[in-house]
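One structure, as structure tokens, below. Some questions next.
The values are calculated or read from the model by the stated rules, or taken from the named source; none is laboratory data. Worth saying up front: this structure is predicted, and the values here are computed from it rather than measured. Please note: Cβ atoms are built from the backbone with ideal geometry, for glycine as well, and neighbour counts cover all protein chains shown.
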Amino acid sequence: MKTATLPAFRRCLRGLSDARLAAVLEAIRGADAAYGNPHRHAGIGLRVIGDFMECRDALDMRLIFQRRGDTLEFHFYGTHSEVKAFFRNRR
């Protein structure tokens with residue numbers, strides 16, 4: 001499966017340290033590997049939220065993505081509170 005980061009997702013990453021960016025990249029790879037393999041979901045905290053899915057790069061940070069065709073599109077990166085606001089603002 002392919003992965004894509006949308007402009008809004010890339011804006012969320014501005015100013016992050018190299019170590020945090022590496023963790024985000026690893027989470028993207030993990031989501032790609034785990035997608036469609038339920039037994040691998042637990043390791044990265046992959047879960048469904050409406051039309052989207054969420055995974056973690058750390059206990060406090062989440063990546064929000066959606067499948068479109070054969071691509072996982074990453075939309076947002078933030079804390080639990082920021083993710084809640086992201087979904088509130090999408091209504």
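Can you say whether residue 33 is in a helix (DSSP H, G or I), free of Cβ contacts under 8 Å to residues at least 12 places away in the same chain and farther than 23 Å from residue 2 by Cβ, as far as the supplied structure shows?
no
Okay, next question. Quick one: how many residues across segment 48-91 are out of contact with any Ser or Thr (no Cβ under 7 Å at 6 or more places or on another chain) and either aliphatic (A, V, I, L, M) or under 21 Å from residue 19 (Cβ atoms) (or both)?
Total satisfying the criteria: 19.
Can I ask one more? I need the full set of residues from segment 57-72 which are of a type outside the set (S, T, N, Q) and modelled with pLDDT of 90 or more, in order please. Full working, then the answer.
Within segment 57-72, the subset of a type outside the set (S, T, N, Q) is 57-65, 67-70, 72.
The answer is 61, 62, 63, 64, 65, 67, 68, 69, 70, 72.
Quick one: what pairs do we get from segment 11-26, first residue closer than 16 Å to residue 75 by Cβ, second exposed (fewer than 14 other Cβ atoms within 10 Å of the Cβ), C-beta under 7 Å, 6+ apart or different chains?
Qualifying pairs under 7 Å: 13/21.
Name the residue that is modelled with the lowest pLDDT, counting only residues in segment 22-40 that are of a type outside the set (A, V, I, L, M) and more than 16 Å from residue 61 (Cα to Cα).
Filtering segment 22-40 for residues of a type outside the set (A, V, I, L, M) gives 26, 29-30, 32, 35-40.
Right, trim to more than 16 Å from residue 61 (Cα to Cα) and you get 32, 35-40.
On the way: 32: 91, 35: 86, 36: 79, 37: 77, 38: 68, 39: 62, 40: 59.
The residue in question is 40.
Could I ask something else about it? Which numbered condition trips up residue 75, out of (1) touching a strand residue (DSSP E or B) at 6+ places or on another chain (Cβ under 6 Å); (2) at pLDDT below 95?
Among (1) touching a strand residue (DSSP E or B) at 6+ places or on another chain (Cβ under 6 Å); (2) at pLDDT below 95, residue 75 violates only (2).
Inspect all residues belonging to segment 60-76 and state whether any of them is without any contact (Cβ under 8 Å) to a residue 12 or more places away in the chain and either buried (at least 19 other Cβ atoms within 10 Å of the Cβ) or part of a helix (DSSP H, G or I) (or both). Steps first, please.
Of segment 60-76, the ones without any contact (Cβ under 8 Å) to a residue 12 or more places away in the chain are 68-69.
If we keep only those that are either buried (at least 19 other Cβ atoms within 10 Å of the Cβ) or part of a helix (DSSP H, G or I) (or both) too, we end up with none.
The answer is no, given that none of the residues of segment 60-76 is without any contact (Cβ under 8 Å) to a residue 12 or more places away in the chain and either buried (at least 19 other Cβ atoms within 10 Å of the Cβ) or part of a helix (DSSP H, G or I) (or both).
Just name the residue that is nearest to residue 53 (Cα to Cα) out of those in segment 1-28 that are among the basic types (Lys, Arg) and in a helix (DSSP H, G or I). I'd like the intermediate steps shown before the answer.
If we filter segment 1-28 for residues that are among the basic types (Lys, Arg), which is where we start, we get 2, 10-11, 14, 20.
Retained after the next criterion (residues that are in a helix (DSSP H, G or I)): 10-11, 20.
Numbers: 10: 17, 11: 19, 20: 20 Å.
The selected residue is 10.
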